[in-house]
There are 4 protein chains.
Amino acid sequence: MYRYDRQTLLSVTREGFVRTRRVRFQDVDAAGVIFYAAVFEYCHDLYVEYLEAHGVSLVEVLKQRQWAAPIRHAEADYLRPLRFGDEIMVSLPVAHLAESELTLGYRISLAGTREVAVVAQSVHTFVALPDFKRCPVPEGVFMAFQPLV
Amino acid sequence: MYRYDRQTLLSVTREGFVRTRRVRFQDVDAAGVIFYAAVFEYCHDLYVEYLEAHGVSLVEVLKQRQWAAPIRHAEADYLRPLRFGDEIMVSLPVAHLAESELTLGYRISLAGTREVAVVAQSVHTFVALPDFKRCPVPEGVFMAFQPLV
Amino acid sequence: MYRYDRQTLLSVTREGFVRTRRVRFQDVDAAGVIFYAAVFEYCHDLYVEYLEAHGVSLVEVLKQRQWAAPIRHAEADYLRPLRFGDEIMVSLPVAHLAESELTLGYRISLAGTREVAVVAQSVHTFVALPDFKRCPVPEGVFMAFQPLV
Amino acid sequence: MYRYDRQTLLSVTREGFVRTRRVRFQDVDAAGVIFYAAVFEYCHDLYVEYLEAHGVSLVEVLKQRQWAAPIRHAEADYLRPLRFGDEIMVSLPVAHLAESELTLGYRISLAGTREVAVVAQSVHTFVALPDFKRCPVPEGVFMAFQPLV
């Protein structure tokens, strides 16, 4: 399983795929900062949007039931707290493709200062349906992530 | 569509089906009190548990695809704020059955003082699958809610 | 407490404040359609964005602790199910101002067909901090909602 | 920063602190299995309950504003999918204490078969308030986690 080390995700200079959003009112917890699990929602939203923007509709994939890409591993490093209303850039600068796996490296920065608040990654395993046996990365997905390899 | 008025939900003396839980760390929003949508999660959790405790497994219902009970209407009145760690009683004291609809009345109270914090209700419409046409309330569900009618 | 009737929210012709978004992968529940509480998140996101766009930063309001606007009542009518990936228009066409209350009427439509999927509303009560006594609608908020009255 | 390797979390025989719960209706995503971020909610719920059960009320900690324990790192490995209604055991079998950090190792198993579905961990950094400078693990917390070291 391919994993990025935290330093790589911090130092990569490529911008990659970026979307700006705000930390929502309800994404904050009782300590007054973003709840740690919320960043995984931001990352997954970006993943869905990246696929869509590169010709792979996850809605269609789920309808066709040919393959699935369950997450095998996820992790995040939190460098500074995010608060309600913070304008953030969620970016996907790097991806790594293996035979039947895809590792995605994410970065969340404050839009104003570009200070990195979180680096994260997810490892997706491709399986053929309905038997859930590992399969090669589907060609459409393989092509979609070429710009980030 | 049958709806309870707020006063009825406040004044009903029957305890009904009750579960105790705590307001979670992440259910709070940037204002430091429970996010208003979270109470609908608490109510739905109780609905699933009520059905299970009265012989209707929603897991099985979803597998069998004979019928569904989408929510047609939901509402809540917020009487006092709830905070992280508050021990609350979520209760389902009343239900109303119509030809193809079920209205459920909920109440959320502080466990210590029994002060009511929220009253809520949901109206479920029963439909036959796969064509989504209205159907009578399934007998198992009809029987399950008799104690609350 | 001022409440819209469902028919008013369905038939109002004013577009009001509109934002387009997609139903998220994780907003869906085990029945394969949007979880009913998720629409309240969409409405609240729009409320925050409306305020921001009309000169009232909720971030600043929370910092200054002069007043708060807790939700006293919320409700939604669900007319058709929404699914993962659906492109929707969340709109705020109408608002009603009273002495110390604000009622907001929302509508969620499919972006393509403009069919209404959900109508919803929330009633906010204005209170002075730190004593939580009712106060008049703050002038900035009062002015902000004039276009929708 | 101390991190467990996945094999350690899989093979540890100590039961530790365990709570049973069910995968909720709304914790599932459009692929029909638990959304990956939901497991972090389950872990955090257990963390709060563990502290409470061992004499540390997070509610009090947040009120007193002497210290905080923001999460610096979190990760999870997903071994098998969880579905709506699955009865699961969320356990905290191991903890590691350092000068100003706490690493918690979690395991989520199916209650029936005890098959492991997820292993996860979180690293908390202790900081004194209001200046957010690193501080030693507070004595109450240090003592609370002795049974798991």
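Of B:Tyr4, B:Tyr36, B:Tyr42, which residue is part of a loop (DSSP other than H, G, I, E, B), within 11 Å of chain C (Cβ to nearest Cβ) and crowded, with 18+ Cβ neighbours inside 10 Å? Write out each step before concluding.
Details: B:Tyr4 fails: within 11 Å of chain C (Cβ to nearest Cβ); B:Tyr42 fails: part of a loop (DSSP other than H, G, I, E, B).
Among B:Tyr4, B:Tyr36, B:Tyr42, only B:Tyr36 is part of a loop (DSSP other than H, G, I, E, B), within 11 Å of chain C (Cβ to nearest Cβ) and crowded, with 18+ Cβ neighbours inside 10 Å.
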* Under 6 Å between Cβ atoms, at least 6 apart or on separate chains: pull out the pairs that start in the range D:11-31 with a residue that is more than 30 Å from A:Val48 (Cα to Cα) and surrounded by fewer than 16 Cβ atoms within 10 Å (Cβ to Cβ) and end on any residue that is at pLDDT 95 or above and not small (Gly, Ala, Ser). => D:Arg14/D:Pro93; D:Val18/D:Met89; D:Arg19/D:Leu46; D:Arg19/D:Val90; D:Thr20/D:Met89
* Asked: Out of (1) more than 12 Å from chain D (Cβ to nearest Cβ); (2) out of contact with any Asp or Glu (no Cβ under 8 Å at 6 or more places or on another chain), what's the single condition that is false for A:Leu110?
  -> (2)
* To do: Output yes when any residue across the range C:59-71 is within 8 Å of chain B (Cβ to nearest Cβ), in contact (Cβ under 8 Å) with a residue 60 or more places away in the chain, within 22 Å of C:Arg24 (Cβ to Cβ) and not β-branched (Val, Ile, Thr), and no when none is.
  => no
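Taking the conditions exactly as written (at pLDDT 95 or above, crowded, with 21+ Cβ neighbours inside 10 Å and part of a helix (DSSP H, G or I)), does A:Leu51 satisfy them or not?
Considered against the rule, which asks whether it is at pLDDT 95 or above, crowded, with 21+ Cβ neighbours inside 10 Å and part of a helix (DSSP H, G or I), A:Leu51 comes out as no.
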* Does B:Glu87 satisfy the condition of being more than 17 Å from the chain's Cα centre (by Cα) and touching a residue at least 60 places away in the same chain (Cβ under 8 Å)? -> yes
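Going by the conditions given, is B:Val56 within 16 Å of the chain's Cα centre (by Cα), β-branched (Val, Ile, Thr) and facing another protein chain (nearest Cβ under 10 Å)?
When the stated conditions are applied, B:Val56 does not pass them.
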* Asked: For A:Glu99, are the conditions met, namely being acidic (Asp, Glu) and either at the interface with another protein chain (Cβ under 10 Å from one of its Cβ atoms) or in a strand (DSSP E or B) (or both)?
  -> no
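Just to be sure I understand, how many residues within the range C:7-24 are of a type outside the set (Ser, Thr, Tyr), part of a helix (DSSP H, G or I) and in contact with a Gly (Cβ under 8 Å, 6 or more places away or on another chain)?
Going residue by residue through the range C:7-24, those that are of a type outside the set (Ser, Thr, Tyr) are C:7, C:9-10, C:12, C:14-19, C:21-24.
From the residues that got through so far, the ones that are part of a helix (DSSP H, G or I) too are C:7, C:9-10.
If we keep only those that are in contact with a Gly (Cβ under 8 Å, 6 or more places away or on another chain) too, we end up with C:9.
Of the residues in that region, 1 qualify.
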* If you take the residues in the range D:140-149 that are under 20 Å from D:Arg72 (Cα atoms) and out of contact with any Phe, Trp or Tyr (no Cβ under 9 Å at 6 or more places or on another chain), which one is surrounded by the most Cβ atoms within 10 Å (Cβ to Cβ)? -> D:Phe142
* the range C:99-139, residues that are at pLDDT 95 or above, within 22 Å of C:Thr13 (Cα to Cα) and either exposed (fewer than 14 other Cβ atoms within 10 Å of the Cβ) or among the aliphatic types (A, V, I, L, M) (or both) -> C:Leu102, C:Leu104, C:Ile108, C:Leu110, C:Ala111, C:Glu115, C:Val116, C:Ala117, C:Val118, C:Val119, C:Ala120, C:Val123
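Answer with yes or no whether A:Phe126 is of a type in the set (Phe, Trp, Tyr), in contact with a strand residue (DSSP E or B) (Cβ under 7 Å, 6 or more places away or on another chain) and within 14 Å of another protein chain (Cβ to nearest Cβ).
The answer is yes for A:Phe126.
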* Asked: Taking the range B:72-91 as the search range and keeping residues that are part of a strand (DSSP E or B) and of a type in the set (A, V, I, L, M, F, W, C), which one is farthest from the other protein chains (Cβ to nearest Cβ)?
  -> B:Met89
* Asked: So is A:Ala98 under 17 Å from the mean Cα position of the chain (by Cα) and over 30 Å from C:Val61 (Cβ atoms) or not?
  -> yes
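The values are calculated or read from the model by the stated rules, or taken from the named source; none is laboratory data. These numbers come from a predicted model, not from an experiment. Neighbour counts are summed over all protein chains in view; Cβ atoms, including those assigned to glycine, are modelled from backbone coordinates with ideal geometry.
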